[in-house]
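Novice: I have a structure here, written as structure tokens, and I will follow up with some questions on it.
The values are calculated or read from the model by the stated rules, or taken from the named source; none is laboratory data. Just so we're clear, the structure is a prediction, and the values are computed from it rather than from any experiment. So basically every Cβ, Gly included, is an ideal-geometry build from the backbone, and we count neighbours across all protein chains shown. Heavy atoms of the whole protein, side chains included, go into the accessibility calculation; ligands, DNA and RNA do not. Shrake-Rupley method; radii C 1.70, N 1.55, O 1.52, S 1.80 Å.
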Amino acid sequence: MSIKTLTIDGRMVTGAAGESIFDVAWNNGIRIPRLCHVGGISDVGACRLCLVEIEGWPKLAAACLTPVEEGMVVRTQTERLRRHRKLIVELLLAERNHVCSVCVQNGHCELQDLAAELGVDHVRVYYRFPRLGVDMSHERFGLDHNRCILCTRCVRVCDEVEGAHTWDVAGRGVNCMIVADMGEPWGNSETCTSCGKCVQVCPTGALFEKGKTVGEMYKDRRFLKYIVTAREKRQWIR
Amino acid sequence: MTVEELYEMRDRERERLARLRERIYCCSAAGCLSCGSESVRRALAAEIEARGLKGQVEVCGSGCMGLCSRGPLVRTQSDGAIYAQLTPDEALWLLSEDPAERRRLEAKRLDLNDPFFTRQLKIVLANSGYIDPESVHDYVAMGGYQALAKVLTEMTPEEVIEEIKASGLRGRGGAGYPTGLKWELVRRQPGDIKYVICNADEGDPGAFMDRSVLEGDPHRVLEGMAIAAYAVGAQQGYIYVRGEYGLAIQRLQLAIRQAERERLLGNRIFETTFGFRVDLRIGAGAFVCGEETALIASIEGKRGTPRQRPPYPPERGLWGKPTLINNVETFANVPPIIMNGARWFASIGTETSKGTKVFALAGAVRNTGLVEVPMGTPLRTILFEIGGGVPEGRQFKAAQTGGPSGGCIPAELLDVPVDYESLAAIGSIMGSGGLIVLDDSSSMVDVARFFMEFCMDESCGKCIPCRAGTVQMHEILCRFSRREATRQDLELLEELCVLLKETSLCGLGQTAPNPVMSTLRYFRHEYEARLTDREGGAQ
């Protein structure tokens, strides 16, 4: 396996050929923000939060989809990137109804943590307040579209790890919605195995276990590790 | 079919046409069809039958003749005249052998010495209006499929690529990537299975260049694709047409069937080892499917969303195989380059942009329609000489090129030569060829808002900046329209422009701010004039 040496934020780091900038950075303790990436499943580069500057590249690059190259000089924390990330989080907060005070995930939500980390203390863009439903038809889980950020982690984990492909996205642009099967209520889905993987990878309170009230929904973070192990070693151990 | 048989077919058809006293072409492109050219054609056909003129006079459909605003257009082969806005009754006068009858139509006869005709140079549209798009014989009579025959029997794939490279042809879809280089990239990829895709998902509002080429000369596109397939080593091609182009789809299906029947597509074309098949794929109405990675996903049967590039399609394209993807107009340029040589093609245009470009001229201009001009023609020439300028009583304000990805060009920059670099330098783009003229009754804020609404509706929703950003930009522009915008809104609008441009996943989002940025650059006062006196911004 060939080793690539590169500089990230002024530090010399090494990674294996084919590894993404994102993974190499995190392995070296350099945290790049992300919402759509989760270890163990494919990357789509949709949230645009992990964009980094690479010397000599005309455009910003999504760290999760860019393999490391020898001699690369990467910057992950410039003023420009910080500004972009902040505005992206503001756009997300205004897009749907993210009311933390009544959310099951309050206090341990990836979107909330990221907003705090980036210093989003107010939102400059216009709140849209869309009218969205909550799907409580499933026996054990709920889906609150108001809290969904369309990261598609649930879609990918269901397709790639569970192999059910219950979830997908319907609609276009701002009208995109996560749907079960061909737009069925989740509880009617014939493909859903009720494995709960989608719930555990969901970064916000959009997918949750029933019976949890405000702030009570803790996502099992070991679940991500479990998925990685399952994927890489083909072993189903927690 | 062998090469000899192709020449026999050509000569036979030419002789047949030469024996006719008159051949009348009724424009059967979508524009003229919508103003009644089909009834003209039917009336002529019925009268020919009734008068027993079969074998002497023939009527047929044809591709776009350009001056769409004056349709239905009719061209007579014997004297080369074009008549505008003919009624079915008037058209019958053309059938008479008595020249006096024809002189009665003098008022409707177009002046072919008008700059609209003389300032144009037709390469891509050379056959449009001169052949029946539903007849492979007509195309062959005009020298069609000879380029393919030449390539297959006389040239190696490398020589073909060298020829295209030397011609300086660049992609006509908008970005202007050198076509020969792209072909070479695909050729050099390892693997036996490669694909050629023709992008006919033309979606810019007001643009109909590709549609006209497909409707008027479908075989030319098939021939261009077959030559490309030979050059890059592909055996299968796809044409991705937008579903709204019913007539183009119909003509393409017919053309593919004819070409297959004449063994111009399929196995062992011209008795060589080269085989090539073409299939149609119909788009379902998503603008973003014109973006190459989204288009490929759509052909694969997936949701039409773009993915990160690199890897580019020449490396990983359709079903993960090396894929060449070019625009309709790019493929249409290939046969003439092969027939006339790279040097001929390179002699037309500017240093960096060779050949011609087809524009769909629309908006506040006298002659609306389809025009083809050499690269480097000043915008002023296109709008004021060919287009005939803005109608009486109105003032020219701006020209919009490149659709929702392009920009607005103000009057003081009208002398800009139309080529890829010059247009980019002034904040617009060449784009696929939409050219909309705006007069002084247009508000530039409203123009920007219109295009932003378009991008908002057409955003696929995959990446956050484009999905949520276009909505916010549209909201702010609506506030400008309602005179409710504050200075903070203006600042936020500019910040969102930068965000979308720098962080969006695909070209749609990256270029969505262009109409806003270019109107802010040249017409900022219109935004300022619409600011409210009220203090404060959003929330």
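Novice: Test of understanding: among B:51, B:70, B:12, B:42, which residue is of a type in the set (Lys, Arg) and either within 25 Å of residue B:125 (Cβ to Cβ) or in contact with a His (Cβ under 6 Å, 6 or more places away or on another chain) (or both)?
Specialist: B:70
Novice: Please go through region A:122-156 and give me each residue that is open to solvent by 60 Å² or more (accessible area, probe 1.4 Å), of a type outside the set (Lys, Arg) and within 12 Å of another protein chain (Cβ to nearest Cβ), ordered by number.
Specialist: Across region A:122-156, the qualifying residues are A:122, A:127, A:129.
Novice: Here's a follow-up. Could you list all residues from region B:420-456 that are open to solvent by less than 10 Å² (accessible area, probe 1.4 Å) and not in a helix (DSSP H, G or I)?
Specialist: Listed by number, the residues that qualify are B:428, B:430, B:431, B:433, B:434, B:435, B:437.
Novice: Between a first residue in region A:38-61 that is away from chain B (no Cβ under 11 Å) and a second residue that is among the acidic types (Asp, Glu), which pairs have beta carbons less than 9 Å apart while being 6 or more apart in sequence or on different chains?
Specialist: Within 9 Å, the pairs are A:39/A:23; A:40/A:160; A:40/A:232; A:41/A:159; A:41/A:160; A:54/A:69.
Novice: Would it be correct to say that residue A:45 is open to solvent by less than 50 Å² (accessible area, probe 1.4 Å) and at positive phi?
Specialist: yes
Novice: A further question follows. So, in region B:143-195, exactly how many residues are open to solvent by 70 Å² or more (accessible area, probe 1.4 Å) and either within 30 Å of residue B:508 (Cα to Cα) or within 21 Å of the chain's Cα centre (by Cα) (or both)?
Specialist: Qualifying residue count for the region: 8.
Novice: Can you confirm whether region B:414-426 contains a residue that is in the same structural domain as residue B:367 (by TED's automatic domain parsing) and within 20 Å of residue B:473 (Cα to Cα)?
Specialist: No, region B:414-426 has no match at all.
Novice: Could you list, in sequence order, the residues of region A:212-238 that are open to solvent by 40 Å² or more (accessible area, probe 1.4 Å) and closer than 17 Å to residue A:147 by Cβ?
Specialist: Within region A:212-238, A:212, A:213, A:214, A:216, A:218 qualify.
Novice: Please list, ordered by residue number, the helices (runs of 4 or more DSSP H) wholly in region B:457-538 having 1 or more residues that are touching a residue at least 24 places away in the same chain (Cβ under 8 Å) and surrounded by 23 or more Cβ atoms within 10 Å (Cβ to Cβ).
Specialist: Those helices (runs of 4 or more DSSP H) span B:464-481, B:487-503, B:507-511, B:514-522.
Novice: Could you list, in sequence order, all residues of region B:459-471 that are within 7 Å of chain A (Cβ to nearest Cβ), of a type outside the set (Val, Ile, Thr) and in contact with a helix residue (DSSP H, G or I) (Cβ under 6 Å, 6 or more places away or on another chain)?
Specialist: Matches in region B:459-471: B:459, B:460, B:461, B:465, B:467, B:468, B:469.
Novice: I need the full set of residues from region A:9-33 which are surrounded by fewer than 22 Cβ atoms within 10 Å (Cβ to Cβ) and part of a loop (DSSP other than H, G, I, E, B), in order please.
Specialist: A:9, A:10, A:17, A:18, A:19, A:28, A:29, A:30, A:31
Novice: A further question on this structure: Looking only at region A:66-83, filter to residues that are at the interface with chain B (Cβ under 9 Å from one of its Cβ atoms) and surrounded by fewer than 21 Cβ atoms within 10 Å (Cβ to Cβ); which one of those is farthest from the chain's Cα centre (by Cα)?
Specialist: A:80
Novice: Quick one: is residue B:297 touching a residue at least 40 places away in the same chain (Cβ under 8 Å) and either more than 14 Å from chain A (Cβ to nearest Cβ) or of a type in the set (A, V, I, L, M, F, W, C) (or both)?
Specialist: no
Novice: Now, a different point. Is one or more of the residues making up region A:84-96 β-branched (Val, Ile, Thr), within 14 Å of chain B (Cβ to nearest Cβ) and either surrounded by fewer than 20 Cβ atoms within 10 Å (Cβ to Cβ) or within 19 Å of residue B:496 (Cβ to Cβ) (or both)?
Specialist: yes
Novice: Please specify each residue of region B:106-118 satisfying the condition of being in a loop (DSSP other than H, G, I, E, B) and either surrounded by fewer than 17 Cβ atoms within 10 Å (Cβ to Cβ) or polar (S, T, N, Q) (or both).
Specialist: B:111, B:112, B:113, B:114
Novice: For region A:24-38, which positions are closer than 23 Å to residue B:465 by Cα and of a type outside the set (A, V, I, L, M, F, W, C)?
Specialist: A:31, A:33, A:34, A:37, listed by residue number.
Novice: Before we move on, is residue A:34 farther than 23 Å from residue A:231 by Cα, among the basic types (Lys, Arg) and either more than 11 Å from chain B (Cβ to nearest Cβ) or under 11 Å from the mean Cα position of the chain (by Cα) (or both)?
Specialist: no
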